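Report on the following structure.
The values are calculated or read from the model by the stated rules, or taken from the named source; none is laboratory data. As the structure is a prediction and not an experimental result, all values here were calculated from the model. Here the Cβ positions follow ideal geometry from the backbone for every residue, glycine too, while neighbour counts run over all protein chains shown.
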Amino acid sequence: MRSALLIGTPNCGKTSLFNLLTGAQEKVGNYTGVTVMSAEGIWDLGSTKVLLQDLPGIYSLEPSELPDERVTQAKLKEPLDTIIFVADGSDMQTLQRSFALWSTIESSLTDPYKALCVITMRDSTHLSLPEFSMPTAWISTRDFHARALLAEKFLSLPDHTPSSLIILPKNATPDAITQRIDRIVLHPIAGPFILFCMLGLLFQFLFSLARIPMDAIEFMVAHLGTSLNAYLPPGSLQSLITQGILPGVGAVLVFLPQILILFFFLLLLEDIGYLPRATFLVDQLMLRTFGLSGRSLIPFLASFACAIPGILATRTMNKRDRLITMLAIPWIGCSARLPVYVVLISALVPGSSSLKGLLLLLLCLFGLMMAALVSTTLGRLLPPSDSSLLLELPTYKIPHMRSLFRALGLKAWLFISHTGSIIFFISVAIWFLASHPQGLATSYAAQFGKFLEPVFLPIGFDWKIIAALIPSFAAREAMIGALATMISFDAETPHLTALFPFKTACSLLIWFALSCQCFATLSVIAKETQSWRWPITIFCAMTLCAYFGSFLTYQGLGLLGF
């Protein structure tokens, strides 16, 4: 079997090319740190199989303390079969930066090897490319026919003797349209204002656009429950399905439209090329003020979707900044908190979608500010490091909707399969605990919740909420399914939002904004730090902060007459 390395600068299209050739579904992103470790896949050429390795993007071969750059530099010191050098052809300036890297790589290699240059972004550029001294293919990774062209080029590669690329003398000028747009979106005043308005619009859409499909899912779940009640004979099976599984799973699936809207806009902004600009803006506004390098921003942004990929993205950082960022990430409001926020906000603000969207945005900003506060505190306790953010801003592009919806479908399936399976088993467990031995009032869940109730009553949590907090350690959004399952046994509580008086809803919002309700996040931190000391520390610190914050909220609102 032959082997080939995909090498290039960050954001040059390596991962898109890897997916095209191997049929994989690796994450593609316009920022440093998406490919942290090498990914491997088989490129099937019929009679020939090629082991393809997608290496992290680099800008130079200078010694580096960053793990992603060291991975690529170490690979280049091993015996090589074939190098597929990937260059970004979106504009001449970017292309020449890619060729500068290749010249450095080429001069460092002494053993024989084969080489193929693949220039990407053919669909988004109008460059007239010169002739090169090595086999070259100019493609669009969105064009499926590119596979056949690359297979033909690869199979006919001659033995390569190191020699420089031939490049026409030509002034490298940035894309004019990109320059004009960047004068506005990267302006020190207009840029942050545009970013804030865009985030506000996004959260507004989470309520207004998702309302109709959410109502439809809720209606279908209720109709299915009524039909099953009529079809199934009374007994444990009917109770399990209609009072356990269906309410639990349905209460989480109803938020799928909002999850998809969130990811659609993030993928759209990424495809257009705006997301790296947002990275740049936040880097200038916040991170340097709080004692971290700009490399912390990518893990922070990734953590708005899920803390786990955010923690894994810290592998591109030095030891000091990585530890600080990992300990700050759990404070950021991830999408798993979103269903809980939505239910609680609905209880607080009935009817007004504009105010709901604003409140959701403020909660997300609150989580980001808490993470920044933790970063600042830890940053002042630890000696500073010199690790600046090197970020290449791509040209603006028209999004490829087919690829966007394919990625969106993949995220929908991951949400349904992963979260749905967790909620299914939790719903069954909660059904058993809430219905045995003799109904809800004397059930195991009630006994456990009432045992802890004196501790949580000062922050407004009754035994139902306490019992529902336990499964949220497996998945934060599981709390909604657990509550829905228990409420299905309680005729006095007709709807989920009826469980939350104003004080209680506010207290629970603060609890979920500050507590570390995710065992998976803690286990990943333990794995990445090779110790359980830091996960236990962050769990205890966040739990104490959550209790104290909820106590002040609940008691303070009580004193104000709410």
Worksheet item: Just checking, which of Leu237, Leu260, Leu201 is in a helix (DSSP H, G or I) and within 19 Å of the chain's Cα centre (by Cα)?
Response: Leu260
Worksheet item: Take the residues of the range 494-520 that are modelled with pLDDT under 80, in a helix (DSSP H, G or I) and under 24 Å from the mean Cα position of the chain (by Cα): which is surrounded by the most Cβ atoms within 10 Å (Cβ to Cβ)?
Response: Ala520
Discussion item. Suppose we filter Ala278, Ala216 for residues that are small (Gly, Ala, Ser), in a helix (DSSP H, G or I), touching a helix residue (DSSP H, G or I) at 6+ places or on another chain (Cβ under 8 Å) and modelled with pLDDT of 75 or more; which single one remains?
Written reply: Ala278
Worksheet item: Does Leu408 count as closer than 27 Å to Ala505 by Cα, out of contact with any Lys or Arg (no Cβ under 6 Å at 6 or more places or on another chain) and at pLDDT 75 or above?
Response: no
Practice prompt. Being among the hydroxyl-bearing types (Ser, Thr, Tyr) and at pLDDT 70 or above is the filter here, so list the residues in the range 53-80 that pass it.
Written response: Tyr59, Ser60, Thr72
Discussion item. Given the condition in a loop (DSSP other than H, G, I, E, B) and either at pLDDT 80 or above or not hydroxyl-bearing (Ser, Thr, Tyr) (or both), answer yes or no: does some residue in the range 355-378 qualify?
Written reply: no
Worksheet item: Taking the condition modelled with pLDDT of 80 or more and either part of a helix (DSSP H, G or I) or touching a strand residue (DSSP E or B) at 6+ places or on another chain (Cβ under 7 Å) (or both), does Pro188 pass?
Response: no
Worksheet entry | Near pairs, Cβ below 7 angstrom, 6+ apart or cross-chain, from the range 426-451 (closer than 15 Å to Gly235 by Cα and free of Cβ contacts under 8 Å to residues at least 12 places away in the same chain) to any residue that is of a type in the set (Phe, Trp, Tyr) and surrounded by fewer than 23 Cβ atoms within 10 Å (Cβ to Cβ) | His436/Tyr444
Worksheet item: Just a yes or no: is a residue in the range 325-333 buried (at least 21 other Cβ atoms within 10 Å of the Cβ), in contact with a Leu (Cβ under 8 Å, 6 or more places away or on another chain) and modelled with pLDDT under 75?
Response: no
Worksheet item: Does the range 540-554 contain at least one residue that is out of contact with any strand residue (DSSP E or B) (no Cβ under 9 Å at 6 or more places or on another chain) and part of a loop (DSSP other than H, G, I, E, B)?
Response: no
